[in-house]
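Let me begin by presenting the structure, written as structure tokens, before commenting on it.
The values are calculated or read from the model by the stated rules, or taken from the named source; none is laboratory data. Computed from a predicted model, the values in this text were never measured in an experiment. When we count neighbours, we look across all protein chains shown, and the Cβ atoms used for this are built from the backbone with ideal geometry, even at glycine.
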């Protein structure tokens, strides 16, 4: 496990998700973004998936930017927060702009890296596949776990999810 890093502009550590979410809430309001909680992880009200959205019109192009998919890579979420901090709210009126800033809050909070995940899966005797990259000296780059019943249910209902999309945006 690596040591979290201090985020200078935010004055907190990179794995301080509670502080991150508070700053995101404040900046979203300041910059006229709508903040929606899409769900919670592991029945923990602090580990939430948040979407912030600056929607103007169906006629404008839409962009969705997501960050921090991997627990050991918090920079995406903090980069989005820095962007919100620095952007002039009048400069974003030509597009619909949405952020899913912290895709993996539990992983970022726990600073979970791929090898830690592999060790945990081995301990729990969960079957998974490992993928190595030949161009990187056969470094482990990914794992795949058999989908859960919940994820099968979600993917089997993708057509319902897609009904709710806006033009140029899913």
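Structure summary
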{"quantity": "Scope region 24-55; condition more than 17 Å from residue 84 (Cα to Cα) and touching a strand residue (DSSP E or B) at 6+ places or on another chain (Cβ under 7 Å); matching residues", "calculated": "37, 38, 39, 40, 41, 47, 48, 49"}
{"quantity": "Subset of region 93-113 that is part of a helix (DSSP H, G or I) and either touching a residue at least 60 places away in the same chain (Cβ under 8 Å) or not assigned by TED's automatic domain parsing to the domain that holds residue 35 (or both) - its residue that is nearest to residue 38 (Cα to Cα)", "calculated": "105"}
{"quantity": "Yes/no for residue 148 being at pLDDT below 75 and more than 22 Å from the chain's Cα centre (by Cα)", "calculated": "no"}
{"quantity": "Strands (runs of 3 or more DSSP E) within region 14-85 that include 2 or more residues buried (at least 20 other Cβ atoms within 10 Å of the Cβ)", "calculated": "44-54"}
{"quantity": "Residue match in region 116-123 (condition: outside the structural domain of residue 29 (by TED's automatic domain parsing), modelled with pLDDT under 80 and crowded, with 17+ Cβ neighbours inside 10 Å)", "calculated": "yes"}
{"quantity": "Residue within region 75-82 that is closer than 22 Å to residue 61 by Cα and at pLDDT below 85 present", "calculated": "no"}
